[in-house]
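A short worksheet on the structure shown next.
The values are calculated or read from the model by the stated rules, or taken from the named source; none is laboratory data. Quantities reported herein were computed from a predicted structural model and do not represent experimental measurements. Here the Cβ positions follow ideal geometry from the backbone for every residue, glycine too, while neighbour counts run over all protein chains shown.
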Ligand code: KG4
Ligand code: ZN
């Protein structure tokens, strides 16, 4: 395969195994998703209140190739139709990353395809620009935009001036926003991962019932560990008999504090950098309160907002495939061996 870029019609295989979702996708160079399959491991890790790395790696090993076979079968595509392979290189759990990388390297070698290792966070930043029959983004990734990336492992705000040019404006100094949701869910006995459950229960609660702190509200970085401690203190102070009835109010108030912090920082960044295009992405962008308040704000301020549909909010191979397609199109390649990067910063710090 020659080292020039891919053309517009090229199809790239994306492989994502950084944490507890095994995913493959077939994506065109224009970001059109032909197929995206995700196998979560919630039933495997749920009873441990967190992801067990060894079990996650083993699950990826068992499930990745059957998932790929399913993707080919669903789309009637075969290796002839694939022009490149993209795999998550990091950040993530080293054993999980290794399964994806070794699989991708083997496939690239045996099928003679170019290969690129992708920063998972770049995948999240680009996910709002994926396209399928039900979803079209409201603007193109080639325009300057701000990206709030909020997931179980990461919380960061980026300024993107042009493709591949990421400036890190701020990130969490302790817990990620999704981690804060998950930890409250464990404290309330709601299972893991619990962001979706809290979102659900919060619908029935009063967001003003409890005053949770808004840490580092005006600072460039994020912090959520104090919020978690405040929730723990509150839960410990409640009689056991009151906890069930107080749970929706706790969820609503806690969620409000997280959403308030996230949106306040996004609003400040919009003012500071005079950028009118905004994306919110990552697993926490599935949160209904965040989506509603963000859309109201964007409409009020005349901003263009893109939040991906739920299937591209949480971890998926489509975002990796498309980030890979853009890099391969630009002539970028990873040399073998691709080393997993459990810690992998995206962009320059400003
Ligand atoms: O992006 P993702 O799938 O994985 C990481 O890269 O971390 O994000 C998973 C996170 C979990 O913490 C989960 O609880 C959270 O996203 N999440 C939500 C919602 N759906 C998923 N958090 C709040 N509200 C939701 N509806
Ligand atoms: Zn992620």
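Tell me the residue from 250, 307 that is within 27 Å of residue 213 (Cβ to Cβ), modelled with pLDDT of 95 or more and in contact with a strand residue (DSSP E or B) (Cβ under 7 Å, 6 or more places away or on another chain), please.
Step by step, each of 250, 307 is checked, and only 307 is within 27 Å of residue 213 (Cβ to Cβ), modelled with pLDDT of 95 or more and in contact with a strand residue (DSSP E or B) (Cβ under 7 Å, 6 or more places away or on another chain).
Which ones in region 311-339 are within 16 Å of ligand 1 (Cβ to nearest atom), within 18 Å of residue 147 (Cβ to Cβ) and part of a helix (DSSP H, G or I)?
312, 313, 318, 319, 320, 322, 323
Got a number for residues in region 61-78 being surrounded by 16 or more Cβ atoms within 10 Å (Cβ to Cβ) and outside any helix (DSSP H, G or I)?
1
Considering region 45-58 alone, what residues qualify as being at pLDDT below 90 and under 21 Å from the mean Cα position of the chain (by Cα)?
Of everything in region 45-58, those that are at pLDDT below 90 and under 21 Å from the mean Cα position of the chain (by Cα) turn out to be 46, 49, 50.
Hey, does region 196-207 have a residue that's under 21 Å from residue 252 (Cβ atoms), within 16 Å of ligand 2 (Cβ to nearest atom) and either buried (at least 16 other Cβ atoms within 10 Å of the Cβ) or modelled with pLDDT of 95 or more (or both)?
Yes, because at least one residue in region 196-207 is under 21 Å from residue 252 (Cβ atoms), within 16 Å of ligand 2 (Cβ to nearest atom) and either buried (at least 16 other Cβ atoms within 10 Å of the Cβ) or modelled with pLDDT of 95 or more (or both).
Kindly indicate whether any position in region 79-93 is part of a strand (DSSP E or B) and more than 24 Å from the chain's Cα centre (by Cα).
Yes, region 79-93 has at least one match.
Looking at 323, 286 in this structure, which one is within 16 Å of ligand 2 (Cβ to nearest atom) and closer than 20 Å to residue 97 by Cα?
Selected residue: 323, the only one of 323, 286 that is within 16 Å of ligand 2 (Cβ to nearest atom) and closer than 20 Å to residue 97 by Cα.
How about region 140-149: which of its residues are away from ligand 1 (no atom under 16 Å from the Cβ), in contact with a helix residue (DSSP H, G or I) (Cβ under 8 Å, 6 or more places away or on another chain) and closer than 20 Å to residue 324 by Cα?
Correct list: 140, 141.
From the residues in region 11-54 that are in a helix (DSSP H, G or I) and surrounded by fewer than 16 Cβ atoms within 10 Å (Cβ to Cβ), which one is farthest from ligand 1 (Cβ to nearest atom)?
Checked region 11-54; the qualifying residue farthest from ligand 1 (Cβ to nearest atom) is 54.
Can you tell me which residue within region 150-165, out of those that are assigned to a strand (DSSP E or B) and buried (at least 21 other Cβ atoms within 10 Å of the Cβ), is farthest from ligand 1 (Cβ to nearest atom)?
160
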